[in-house]
Ligand code: GDP
């Protein structure tokens with residue numbers, strides 16, 4: 001195998017998803033700790049303090065001490081080169097969170113053992129499932145009182161509709177969390193010391209070992225024996241092919257805080273997950289081993305540095321090797337160019353890089369030429385990677401300029417920011433250009449919008465909340481090509497017909513219930529979520 005092939009083969013690029021507070025940050029940190037990227041846990045999280053020190057983020061981020069954007073980290077572990085894509089939660093949840101999932105080859109879903117499947121887990125899972133990427137489950141916080149393990153698996157299956165395969169099984173929980181039983185090797189990994197900031201220690205004991213009673217206690221031993229019997233009888237067969245197609249989720253138990261179960265997870269995960277996957281570009285399939293460089297833009301970060309009004313375009317390398325000296329072809333722009341200041345985030349530091357391989361994520365300086373979904377490839381090629389879907393916003397506001405004389409700047413700013421993909425803008429069939437309806441995935445984007453319009457376009461905004469939460473694109477099923485007319489539809493009072501700036505028609509709804517109501521009464525329409 002050439003160096004080039006082995007570089008690509010050893011790459012693993014995954015997103016880590018969870019509901020806020022399930023332990024995503026802690027687990028990411030422990031991955032880095034085991035990878036040797038950081039010497040001690042506690043160095044990574046830029047959540048509240050360190051982030052502002054390492055880069056020049058937007059003022060709004062500094063004020064609130066949060067990160068508006070999802071970040072990418074690379075580290076090495078046992079010969080693998082691992083790229084973790086973090087998906088922001090809390091109030092900084094945005095469309096970027098979803099788009100980041102487009103750049104990953106698999107996802108690790110962190111579940112709080114006391115809480116099970118939560119709202120944000122469900123949303124993020126749905127986007128992963130749409131792409132059929134492998135999803136690995138880490139049931140975290142086993143060092144606390146946890147729900148019954150069988151019940152948790154059942155919840156994953158019924159709530160998310162994915163089959164599960166427990167790769168290991170917890171022995172006790174809370175203070176009595178003694179270890180995990182590895183089903184493949186039939187060994188018990190008995191945790192001996194709480195890791196905390198350092199790696200945990202553990203010993204391995206075979207299931208039939210006479211010392212087991214002494215190690216984990218007779219009661220837990222008996223419980224484990226019973227549960228293994230139940231598991232072997234009841235759970236799905238392990239099938240790697242189904243895992244790789246996102247049909248079966250391998251499940252692991254552990255505690256990110258104490259490091260228990262983190263290493264067993266990494267070991268199995270890295271073996272089960274794949275090297276960078278091929279990507280579709282219309283009729284063509286671009287294999288990661290293709291010699292020519294290709295990448296697509298999945299995120300644009302505006303105004304990293306206020307003084308320069310610059311932007312950073314984050315791209316996922318899909319094939320070949322990126323070389324900072326080589327020219328690439330920007331398909332959508334129809335131009336050859338050199339990507340400037342390519343950078344990567346290693347643990348807590350940003351670094352300028354000279355090369356990257358398929359699977360890696362790089363951020364490049366963008367003078368305002370890139371859009372979300374754009375393809376870059378070797379000069380002479382012209383394919384376009386399949387577009388990144390537009391995700392339905394969940395919060396809507398009516399927005400206009402406070403000063404009616406600034407209509408032009410207002411529209412320019414709104415269109416520019418919408419083009420970057422931070423917000424989506426709509427209009428009603430009869431409204432003029434004075435006001436637009438803005439839809440966002442996370443409400444923080446309204447603050448970002450307000451801030452940027454004021455700072456970059458000198459426009460103060462008037463915003464009014466609208467009572468809609470759901471959006472569906474309309475497809476006519478009656479074969480008529482023309483747009484639908486409001487008077488021909490049977491709509492409830494909490495439903496509104498709007499169109500986007502490309503002329504696509506959509507409906508906004510106040511409730512899930514209203515979607516079903518509308519579907520039932522307007523059979524000439526198909527309502528689409530993506
Ligand atoms: P995130 O919002 O998903 O990134 O969650 P964090 O990693 O920030 O964790 C949220 C809280 O849960 C923090 O106070 C962590 O210390 C705590 N936490 C994370 N993992 C564990 C765990 O395995 N056990 C316990 N007891 N607490 C944990």
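Just so it is clear, none of the values below were taken in a lab; they were calculated from the coordinates. Please read these numbers as outputs of a predicted model, since none were measured by experiment. Every residue, glycine among them, receives a Cβ derived from its backbone with ideal geometry; neighbour counts consider all protein chains shown.
P(r) tail for segment 422-485: Cα pairs beyond 14 Å make up 69% of the total.
Per-residue packing, averaged as other Cβ atoms within 10 Å, sorts the ranges 72-82, 472-482, 273-283 into the order 72-82, 273-283, 472-482, beginning with the highest.
For the Cα atoms of the chain, what angle does the longest principal axis make with the long axis of helix 407-420, in degrees from 0 to 90, nearest 10? Approximately 30 degrees, to the nearest ten. Working note: Debye formula, equal point scatterers on the alpha-carbon atoms of the chain, no solvent; log10 I(q)/I(0) at q = 0.06, 0.12 Å⁻¹ is -0.32, -1.19.
Which shape class applies to segment 209-300: rounded if a/c is under 1.5, otherwise prolate when a/b exceeds b/c and oblate if not, where a ≥ b ≥ c are the square roots of the Cα gyration tensor eigenvalues?
On the way: a/c = 3.73, a/b = 2.39, b/c = 1.56.
Prolate, since a/c reaches 1.5 and a/b exceeds b/c.
Here segment 66-199 carries DSSP beta bridges of which approximately 70% are antiparallel, counting only pairs with both residues inside. Seen through its C-alpha gyration tensor, with square-root eigenvalues sorted a ≥ b ≥ c, segment 161-222 comes out oblate because a/c lies at 1.5 or above while a/b is not bigger than b/c. Round to the nearest 10 and give me the degree value, 0 to 90, for the angle of helix 24-34's Cα axis relative to the longest principal axis of the chain. Roughly 50 degrees, rounded to the nearest 10.
Annotation for segment 161-225 versus segment 452-530: alpha-carbon center distance of 52 Å.
What 222 nm value per residue comes from the helices of the chain, counting each DSSP H run with n ≥ 4 as -39,500 (n - 2.57) and dividing by all residues, nearest 500 deg cm²/dmol? Present the calculation step by step, with values, prior to reporting the outcome.
Working: 14 runs with 137 residues, N = 530.
Calculated at 222 nm, the ellipticity per residue is -7500 deg cm²/dmol.
May I ask you to sort 2, 294 by Cβ crowding, counting other Cβ atoms within 10 Å and putting the fewest first?
Working: 2 8, 294 27.
Least crowded to most crowded, the residues run 2, 294.
In Å³ and rounded to a whole number, note down the convex hull volume per residue for the Cα atoms of segment 98-156.
Per residue, the Cα convex hull of segment 98-156 comes to 80 Å³.
Between 0 and 90 degrees, the angle of helix 262-272 with respect to the longest Cα principal axis of the chain falls at about 70 degrees.
If the chain linking residue 238 and residue 76 were pulled fully straight, counting 0.36 nm for each residue of separation and taking away their Cα-Cα distance, it would gain 55.5 nm. Across q = 0.11, 0.14, 0.19, 0.20 Å⁻¹, segment 372-530 modelled as identical point scatterers on its alpha-carbon atoms has Debye log10 I(q)/I(0) values of -0.50, -0.77, -1.18, -1.25, in the order of the q list. Using C-alpha pairs below 8 Å separated by at least 6 residues, the relative contact order for the chain is 13 percent. Calculation over all alpha carbon pairs of segment 74-216 in 10 angstrom steps from 0 returns a P(r) of 9, 32, 35, 19, 3, 0 percent.
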